[in-house]
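Novice: Take this structure first; my questions come after.
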Amino acid sequence: MSVPKEIKKVTTNTLQKMKAAGEKISMITAYDYSFARLFDAAGVDIILVGDSASNVMAGHTTTLPITLDQMIYHAQSVVRGRDRSLIVVDIPFGYYQSNSEIALASAVRIMKESGGHTVKLEGGEEIIDSVRKIVSAGIPVMGHLGLTPQSINKFGTYVVRATEKNEAEKLKKDALLLQEAGAFAIVLEKIPAGLAKEVSESLSIPTIGIGGGKHCDGQVLVMHDLLGINNEFKPRFLRQYLNLSELITGAVQQYIADVKSQDFPNDSEQY
Ligand code: KIV
């Protein structure tokens, strides 16, 4: 089963069709033009301009410090590298939690200034008014439940969420609320596979898992983890497809050696 080839640009409708057809959705993060261009050309369905930029691009220990202006800068760069993929942009911490007017203003800035196609917000019932408001303004919203990194100070740990009945019940309720509020998809982060399966089967919109197991309608990974740029982070849910940090270190060490030995540049590498 696959989505018709005439669908060139991925839209939220494409994702809906993919879920209906049982075709899994691929999503990866990107934060700049060059990687976005490679991922888009490789055929990924969704590129997420994640607030994980706060960690992997800026070196912070959490996603909390990144600003809306900084997210817009990353999203603008990603959009320039895109031809086909759907671009989802995280609204960062502090720019939607207080009320729905502020949430809408943040979403509008992202859409107007970056050219991204949709926004992503973390949380369920607590932010449902904001989701409704943003959707009613014509801006597609992706939800995010389970381990929501913007709430790390409430959780106190990055362990698997919703292993207890109360939290699992709340997550199921939140997923339905997000769907009713008009969300087009929901990220399920680091929750038991059985719960993710139940949620995925109960919704008509797609779920995208990161540590949510194989029954989600799609999967997302942070590019630095997938490509092995950051070798210190090895959670159980991660499949590392490349050891880029080793390749980069080797290449740069060779360059340094060539400069020191005066092998580089040679006669054909000069004017
Ligand atoms: O910011 C991010 O990269 C994310 C993914 C982990 C889903 O939200």
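No value in this document is a laboratory result; all are computed from the given coordinates. Quick caveat, the model's predicted, so the values are computed rather than measured. No Cβ is skipped: glycine too gets one built from the backbone with ideal geometry, and neighbour counts run over all protein chains shown.
Novice: Restricting the search to segment 72-101, which residues are under 20 Å from ASN153 (Cβ atoms) and surrounded by 15 or more Cβ atoms within 10 Å (Cβ to Cβ)?
Specialist: ASP90, ILE91, PRO92, PHE93, GLY94, TYR95, TYR96, GLN97
Novice: Here are some conditions: (1) surrounded by 19 or more Cβ atoms within 10 Å (Cβ to Cβ); (2) not in a strand (DSSP E or B). SER245 meets all but one. Which one does it not meet?
Specialist: (1)
Novice: Tell me, which strands (runs of 3 or more DSSP E) wholly within segment 161-231 include 3 or more residues that are surrounded by 24 or more Cβ atoms within 10 Å (Cβ to Cβ)?
Specialist: 185-189, 207-210
Novice: Report yes if some residue within segment 192-201 is touching a residue at least 12 places away in the same chain (Cβ under 8 Å), closer than 29 Å to ALA36 by Cβ and within 15 Å of the ligand (Cβ to nearest atom); otherwise report no.
Specialist: Yes - at least one qualifying residue is present in segment 192-201.
Novice: Of everything in segment 21-42 that's in a loop (DSSP other than H, G, I, E, B) and not hydroxyl-bearing (Ser, Thr, Tyr), which residue is farthest from the ligand (Cβ to nearest atom)?
Specialist: For segment 21-42, the residue satisfying everything is GLY22.
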